[in-house]
Structures are given as structure tokens and as C-alpha cells.
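Any read-out appearing in this document is the output of simple, stated calculations on the displayed coordinates, not a laboratory observation. Please read all numbers here as calculations on a predicted model, not as lab measurements. Cβ coordinates were reconstructed from backbone atoms using ideal geometry, including for glycine residues, and neighbour counts include every protein chain displayed.
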Amino acid sequence: DAGVTQSPTHLIKTRGQQVTLRCSPKSGHDTVSWYQQALGQGPQFIFQYYEEEERQRGNFPDRFSGHQFPNYSSELNVNALLLGDSALYLCASSLGTVQETQYFGPGTRLLVL
Amino acid sequence: AQSVSQHNHHVILSEAASLELGCNYSYGGTVNLFWYVQYPGQHLQLLLKYFSGDPLVKGIKGFEAEFIKSKFSFNLRKPSVQWSDTAEYFCAVNTGNQFYFGTGTSLTVIP
């Protein structure tokens with residue numbers, strides 16, 4: 001049973017560029033959440049997708065957008081990259097709309113130069 | 001705004017010492033509480049969770065945590081730590097459909 005997978009593992013971009021990160025949830029899970037984890041900090045909630053719609057959103061600007069596909073996989077898009085967007089981006093999957101346990105992927109390390 | 005506070009940023013213990021990591025949250029409604037662990041080079045893993053019922057919950061690898069509602073706390077404990085417990089520990093609170101994480105506590109266990 002595959003867990004949560006994310007791609008790519010590492011990415012280097014320059015300021016102003018756009019980036020797309022991908023996540024495949026754990027088998028059987030239908031909810032995907034995205035987090036940003038800066039160095040030395042805890043994960044910060046970006047948004048959560050369920051049934052292909054953004055259900056909840058944290059305190060992140062509109063430059064951060066996402067999408068969930070019918071197979072429950074998800075993408076995180078960040079436009080107009082800033083140096084401060086450099087971080088580990090984590091995807092977590094869970095089941096349903098209740099407060100179920102989230103299972104985290106290994107993350108994508110984004111470096112913005 | 002809701003927040004999660006982990007008061008211990010860095011903890012260094014010798015093997016067999018007892019561990020207690022503090023976690024406090026600020027949210028007046030119903031919450032679900034979690035402790036996650038991140039071993040060096042690995043991704044976040046669930047250590048234990050509290051949804052309801054007995055406020056003393058047991059997790060993997062001998063860890064336990066106690067939910068004290070009146071103190072808005074969910075402290076993590078282990079009676080005897082091992083070198084392999086060296087990791088980053090995160091407390092997390094789910095208030096509904098949002099998760100809030102603390103900034104983490106780095107635990108180093110000296111053999």
C-alpha cells in the first residue's frame with residue numbers, strides 16, 4: 001500500500017517564476033492538504049481539497065492556488081515566486097470530512113533564488 | 001487567531017531519562033490533538049492522537065500524552081527515552097478542518 005507521494009523531491013526556481021508541485025494521496029484517501037514548512041518552523045496550513053474543491057484555506061496569498069483531480073491527486077501552484085517562498089512543501093492526505101488523521105508525504109524542497 | 005505553543009525548543013536528555021514536552025493551544029471549541037514526530041531525514045509520522053474519551057492516550061514506541069482541557073494542554077511523555085527517540089516533535093491541533101502546528105521541539109538523546 002503506497003503512502004503519500006510527492007514530486008519533484010527538489011526544485012530550484014528564480015524569483016518571479018511559477019511552480020507546480022504534485023501529490024498523490026494514500027490509497028483510499030480523498031482529502032488532500034498542503035503545508036509550507038520553513039526551516040526551523042512547524043508546518044503552516046495552506047489549504048485543503050476535498051471533492052475537487054478548496055474547502056479550507058490558511059493565511060496565504062492568492063499566489064498560492066491548487067487543484068484536485070477526480071483520482072484525488074492534487075497540485076499546488078505558486079505564482080510570482082518570492083525568495084520567502086523557499087521552504088519544504090508538504091502534502092498530507094486523509095479520509096473524509098471529519099477530523100481524521102493526516103498522513104504526510106516526504107515533501108518537495110523548493111529553493112527560490 | 002488560534003495558535004499552538006511548544007515551550008521547549010531544544011531538549012537534551014541522557015538515555016533512560018524521562019521526557020515531558022509541553023504543548024498548549026488557544027482555541028475554545030472542540031479540538032482534536034496530535035503529536036507528530038520527524039526523525040532525521042524522514043517525513044512526519046503520527047505518534048499519537050486524541051479525539052475524545054480517556055484523556056490519557058498511548059501511542060507508538062512507549063509515548064503517551066495527557067489532554068487537560070482546563071489547561072488547554074496536551075503534553076507528551078515517555079518514562080525512559082532511547083537514543084533512537086532523537087527527532088523533532090510537533091504538537092498539532094485540528095479545530096475542524098484546519099490544522100495548526102507548533103514550532104516543534106528538537107529532542108537529542110545522548111547514549
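Results, tabulated for the structure shown:
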| read-out | value |
| --- | --- |
| FRET E, pair A:Arg63, B:Ser80, Förster distance 35 Å, beta-carbon r, rounded to 0.05 | 0.15 |
| Normalised contact order of chain B, rounded percent, pairs of Cα under 8 Å and 6 or more residues apart | 38 |
| Pair A:Arg109, A:Ser7: separation of 7 Å Cα→Cβ label points (nm) | 2.0 |
| Whole-number percent relative contact order across chain A, with pairs defined as alpha carbons under 8 Å at least 6 apart | 36 |
| Span from the the stretch B:7-28 Cα centroid across to the the stretch A:39-113 one, whole angstrom | 27 |
| Of B:His43, B:Thr86, B:Ile60, farthest towards positive along the dipole that unit charges on Lys, Arg, Asp, Glu beta carbons give the stretch B:38-95 | B:Ile60 |
| Cβ-based exposure ranking for A:Thr9, A:Thr108, in which fewest neighbours within 10 Å come first | A:Thr9, A:Thr108 |
| Percentage, to the nearest whole number, of Cα pairs in the protein assembly as shown over 31 Å apart | 21 |
| 14 Å cut-off, amide nitrogen to a point 7 angstrom out along B:Leu46 Cα→Cβ, residues in the stretch B:59-79 | B:59-60 |
| Restraint check, A:Lys26/B:Lys69; A:Lys26/B:Lys71; A:Lys26/B:Lys49, Cα-Cα greater than 30 Å | A:Lys26/B:Lys69; A:Lys26/B:Lys71 |
| Inter-label distance, nm, simple model (7 Å from Cα along the C-beta direction), A:Glu100/A:Gln56 | 1.5 |
